[in-house]
Amino acid sequence: MKMSNCLKIVALAVPMLLVSCHSHKKVVEEPAVVISPEQTELLGKVDSHVQKKTTYVGSKLKFSVSVGDQQLSLTGNLRMKRNDVIRLQLMAFGFVEAARLEFTQDYVLIIDRINKQYLKAPYYYIDFLRNSGINFNTLQALFWNELFQPGKTELDDEAKKKFTTTSLGDNEALINFEDGDGESVKSKMFYSWLVNESTGRIKMANIMYRDTHNGNTQLNWDYRGFLNMGQNMFPSDMVVTLTTPKKEVKLGVKLNYLNNDDDWEPRTRVSDKYREVEIDEILRRFMAL
């Protein structure tokens, strides 16, 4: 990894690890949060890239995953319906569907076509999603290159007051959000975004789950390329790195030929011939494809 990229990741992660230590006085009424003009301007620039009028996005894709010395590369398709579903179809030999990952508001569905097995479970059931604070709205924002706040489908003016911004120089700025209640409740979840200060386009997103007993889990989502989508640009080259106390998983997603095709069924029905399995088993099978 280039030194400049390392420094950016450090810039994202370090603010999340700092915890202030001072006494807390209970007050009857919380003071009003005032956003500076500079912060308002930066958040407005980031918000200007939101694809509010786009419902469907589809593309062919190249997908790669590496865990330790194991590596897997596949082609496939990405289909998304805003606020409804994200689906990745992974192909073997270029024409046989080997696996399908489907994320909805309520559950995650992973299908192994080769071994006729599947996993369907709520987000909290899968450790790395639960520990990273990831649900459907989080994933959608990451795929669509948008800011997000846990528990909200979209950001309003009140939500934006909970973000802080810092200029880093060299035309870059950092946006931070801690999912807690100030000094009274210290959250384990920290979120940061590295953005282009002049355009407001997100260059990197970072989510950290801090666990003093078992170690931290960190998700880093790096945007390396964009393609035209209507009047805006849509992320087309993404590298996702999940780091846990025990291992690191790296995913690569490259898109091309973006389209707005809506001629597909947004829910997958699993055949009765498929066997339901645990997450570890299905991931182990994926790496053996």
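The values are calculated or read from the model by the stated rules, or taken from the named source; none is laboratory data. Please read these numbers as outputs of a predicted model, since none were measured by experiment. Neighbour counts run over all protein chains shown; Cβ positions are idealised from the backbone, glycine included. All accessible areas refer to the heavy atoms of the entire protein, side chains included, with ligands and DNA or RNA removed. Shrake-Rupley method; radii C 1.70, N 1.55, O 1.52, S 1.80 Å.
Here Thr241 meets the list (1) in contact (Cβ under 8 Å) with a residue 12 or more places away in the chain; (2) more than 17 Å from Ala141 (Cβ to Cβ); (3) open to solvent by 40 Å² or more (accessible area, probe 1.4 Å) almost entirely, failing just condition (3).
Is region 31-54 home to any residue that is exposed (fewer than 14 other Cβ atoms within 10 Å of the Cβ) and at positive phi? Within region 31-54, not a single residue is exposed (fewer than 14 other Cβ atoms within 10 Å of the Cβ) and at positive phi. Step by step: first the residues of region 55-87, then only those that are without any contact (Cβ under 8 Å) to a residue 40 or more places away in the chain and under 16 Å from Trp264 (Cβ atoms), then the one that is most open to solvent (accessible area, probe 1.4 Å). Which residue is that? Filtering region 55-87 for residues that are without any contact (Cβ under 8 Å) to a residue 40 or more places away in the chain and under 16 Å from Trp264 (Cβ atoms), the one most open to solvent (accessible area, probe 1.4 Å) comes out as Asn77.
Going by what's in this entry, would Leu129 be described as open to solvent by less than 70 Å² (accessible area, probe 1.4 Å), of a type in the set (A, V, I, L, M, F, W, C) and closer than 27 Å to Asn228 by Cβ? No.
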